Every structure is written in structure tokens, then in C-alpha cells.
Amino acid sequence: MNISTIAFSSKRLVALAFGCEDYVTDLGGFHDAEGLSIYTPRALIVNAARFAGIIPIDTVHIKVHDLEDLENNLILAKKLGFEGMLVLHPKELPLVHKYFSPCEEEVIQAKEMLSLARKAESEGKGVAVYNNKFVGPPMVKMANKILERHKRIEKKIELQEVGDGS
């Protein structure tokens, strides 16, 4: 109930997550197949983390061998605004990386959106249109976030390759 207090509890805090099984056990509930029992806390985690300017990390996926269900949870987690997910098994990592790393199409679209926004600004227009959609400040902010995340991931991959001697 005090998630915002927790999110703002320390300047050293960089991310926020929760234990889904602890949560449903404390409530006396159960972790249902549809994930309805943990939907509200997931949404609250994202909201509190974003409000505090820290990274929201989704809870573990407890059906370790059900990668299809994991993918469904990752789709929802990304829609809710999570930037990562706690994992129980290394075999989950490829799907988690797929959903929380910008794909090539997202990077291309972000670059095009920023280019159109700059062009509109240079022409004295307040907005641009991309793929029949209005491009305003929130979309520009999101495009910048996508490109920044992409750069951080690429840099980390490069550093790992250098460290591996690749």
C-alpha cells in the first residue's frame, strides 16, 4: 500500500520490483492462470517507479517451462511499461531480451519520427505526422528513450565482446 514511499525511500534506488508469490500469499489469494491476481500490483509498480524516475522490473514468471505463457506475460509487461523482468531460468532470457530490447523496426521508426519532428520544427510547425499518426512531444520523448536504450544495449554488447576476446 506504500509503494510510492518505497519508490522514493532512497536516492540510491534504481529499480523497483515485487515478489508475486509473496504478494498473493500475504493476501490469502492464489496466482491464477490469467494473471488477474497480480495485475493491479504490476500496474502500481510501474506507476510508482515511473513517478520516482526509477526502472520498473516485472515479477518472475513462475511457469518456468511454459515459454508461450512467458511470452504472453512479456507482451503485457511491455504494454504496462516495464523495462525488464526477473527470471528464474536462463532459458527465459532470449524472450525477455526480445521484448525489452528495441527491435530494428522500433529503432528505424524512432529515427524517422525524430527526423520528421526536427523537420516540422525547422519549418515552424509544432507537430508532424508519421504513419498517419500525430507526432508531438510525448512521441518524441518515447523515440529518444528507444534510441537511448538501443545505444546502451549495443554498448554493453560491444564491451562484453571485447571482454570475451571476440
Of the criteria (1) of a type in the set (A, V, I, L, M); (2) outside the structural domain of residue 60 (by TED's automatic domain parsing); (3) closer than 30 Å to residue 18 by Cβ; (4) not in a helix (DSSP H, G or I), which one residue 87 fails = (2)
In segment 102-123, which residue that is surrounded by 14 or more Cβ atoms within 10 Å (Cβ to Cβ) and closer than 21 Å to residue 76 by Cα is nearest to the chain's Cα centre (by Cα)?
-> 102
Of the conditions (1) assigned to a helix (DSSP H, G or I); (2) within 20 Å of residue 4 (Cα to Cα); (3) touching an Asp or Glu at 6+ places or on another chain (Cβ under 8 Å), the single one that residue 48 does not satisfy is (3)
Under the condition of being among the basic types (Lys, Arg) and under 13 Å from residue 107 (Cα atoms), which residue from segment 135-151 is farthest from the chain's Cα centre (by Cα)?
-> 151
Checked segment 122-166 for anything part of a loop (DSSP other than H, G, I, E, B) and not β-branched (Val, Ile, Thr); matches are 123, 124, 125, 126, 131, 132, 136, 165, 166
Matching entry among 99, 130 (being surrounded by 15 or more Cβ atoms within 10 Å (Cβ to Cβ), over 15 Å from the mean Cα position of the chain (by Cα) and among the aromatic types (Phe, Trp, Tyr)) = 130
Of the residues in segment 54-96 that are more than 15 Å from the chain's Cα centre (by Cα) and closer than 30 Å to residue 11 by Cα, the one that is surrounded by the fewest Cβ atoms within 10 Å (Cβ to Cβ) is 88
Within segment 133-156, tally of residues that are surrounded by fewer than 12 Cβ atoms within 10 Å (Cβ to Cβ) and either closer than 17 Å to residue 97 by Cα or acidic (Asp, Glu) (or both) = 3
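The values are calculated or read from the model by the stated rules, or taken from the named source; none is laboratory data. Note that the coordinates shown come from a computational prediction; the quantities given were computed from them, not determined experimentally. Glycine also receives a Cβ, built like all others from the backbone with ideal geometry; neighbour counts cover every protein chain displayed.
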